[in-house]
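As structure tokens, the structure follows; a few thoughts come after it.
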Amino acid sequence: MSHHTTLPIAEARARWFSAQRLPNVVATPVEAVREAGYVRTLGGVDVYLALRARVKGLTRAQVDEAVANRELCVVPSVRGCIYLVDRDEVPWSLRIADLLSHRRRQREYEKTGIGEAELEKLGGRILDTLSAGPASTNELRRALKDHVRSLGEMGKKVGISSTLPPALRELEFKGRIARTLEGGRLDTEKYVWEAGPEALPDKGPEDPAEVHAHLAENFCRQTQVASVDRFAGWAGIGKRDAKAAVSRLEGEPVSVEGLEEGYFSLHGGAPAPSTGISFLPFEDNLIQHQPGVAPLVDLRHHHLPVPVWGRGKDQTLGTANHMAYRSIARDGEVIGVWEFDPDAEAVVWATFHDQPGDQRELIQEEATAVGRFLTEDVGRAISFSIDTEDDLRRRCAGIKELVT
């Protein structure tokens, strides 16, 4: 790891783009998740949009069928967030989620008087109930009302109402129960539980360093030019652990023109370069594997204001870590933003600078296709569970202002 390379920013963006299998490079949603990485499931349609950007002609039914067949699984993973992952990644995802939440869970159990034996006993009753078929958390609560203990005021303080959620969580981390989709769709945060998922790999490794190294290899392969600090943030681990994990990989440190962060590149295995236009969802991996959208945007546009996730004040393209707009990328550079107008039932888009006529035609062609996908196949367009059509309208208005 002694050799050190400095990459032009355009080359780094091109590598990020092709590593993310954009645009429409792979044949199936399973292949897309396996090669481009875990996909956030935020309770909205963006999980479908992320896969559509990588799979030509994707339909919602293809994705839902892969989940129903457990080729793709919805599990807690890095940072404790819920992701869609390839079946082979389930043990690694459950293990990192378990590691990240272990100390907090133990504090909560101590404060509320929850014992290991109590959780094991309730867990057994949950498995007995699920042996008759899948059930939602509310259905389990009703079926086990005589066995679930309320945690009272202290439970309210720590955010756990009863012993049922901890028991479900422990069973899930051990791989003894699994989430499946309510209504067969991914654009929800309502799940049902089932026992004894078939054909899933064994529990993940106990050694945290081994888990970190596995995640580091995935992250570096899915970016080709990886920010070590961003890997730490994505995985939810400390920078020291992230550096130790990356140091176990075969590669070299690299610099990227104009960027201060330390980057790392794996030896070999780079995918073939790809070019084209992609309409990306909010929080797409292309952006979330970077420290914000700025590295993907031409410096002359960094001053442009954009809304951000949550209730924070608007920031700029140069400072926003979680831009609320959906992005338009071409050959790795984010050149504009888009949103779905629920009144016009069409995509609204804007680029950060004027585009040649042939490029505008290509962008509009893709905008029309995305709009058709959302209206005719998916049936709605919200990004996440608490997103609303009024939020879509506000973002559309902001994009229209960019045009003017």
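Considering the range 155-170, the residues that are of a type in the set (A, V, I, L, M) and at pLDDT 95 or above include one that is surrounded by the fewest Cβ atoms within 10 Å (Cβ to Cβ), namely Leu168. When the range 15-57 is examined, which residues are found to be free of Cβ contacts under 8 Å to residues at least 40 places away in the same chain and closer than 16 Å to Asp187 by Cβ? If the condition is that a residue be free of Cβ contacts under 8 Å to residues at least 40 places away in the same chain and closer than 16 Å to Asp187 by Cβ, then Leu51 is the only one that fits.
Okay, residues lined up against (1) out of contact with any helix residue (DSSP H, G or I) (no Cβ under 6 Å at 6 or more places or on another chain); (2) farther than 30 Å from Gly233 by Cα; (3) of a type outside the set (Asp, Glu):
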residue	(1), (2), (3)
Val306	yes, no, yes
Gly310	yes, no, yes
Asp314	yes, no, no
Ile328	yes, no, yes
Asp341	no, yes, no
Val347	no, yes, yes
Arg372	yes, yes, yes
Val378	no, yes, yes
Ala397	yes, yes, yes
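Exactly one residue out of Ser278, Ser255, Ser227, Ser265 is small (Gly, Ala, Ser), modelled with pLDDT of 95 or more and touching a strand residue (DSSP E or B) at 6+ places or on another chain (Cβ under 6 Å), and it is Ser278. Would you check if Phe352 is out of contact with any strand residue (DSSP E or B) (no Cβ under 8 Å at 6 or more places or on another chain) and aromatic (Phe, Trp, Tyr)? Here the answer is no, as Phe352 does not meet what is asked. Residues considered: Ala381, Ala350. Of these, the only one that is part of a strand (DSSP E or B) and touching a Leu at 6+ places or on another chain (Cβ under 6 Å) is Ala350.
Here is the figure for the range 299-331: residues that are of a type outside the set (Lys, Arg), more than 19 Å from the chain's Cα centre (by Cα) and under 24 Å from Phe219 (Cα atoms) total 4. Filtered by the rule that a residue be among the basic types (Lys, Arg) and in contact with a Phe, Trp or Tyr (Cβ under 7 Å, 6 or more places away or on another chain), the range 132-167 gives no residues. Restricting the range 311-322 to residues that are out of contact with any His (no Cβ under 7 Å at 6 or more places or on another chain) and over 21 Å from Ala12 (Cα atoms) leaves a set whose member that is modelled with the highest pLDDT is Gln315. Selection of the range 268-311 for residues being in contact with a Leu (Cβ under 8 Å, 6 or more places away or on another chain) and β-branched (Val, Ile, Thr) yields Ile277, Ile287, Val293, Val297, Val306.
The values are calculated or read from the model by the stated rules, or taken from the named source; none is laboratory data. What you are looking at is a predicted structure, and each value in this text was computed from that prediction instead of being measured. We place every Cβ from the backbone using ideal geometry, glycine too, and count neighbours over all the protein chains shown.
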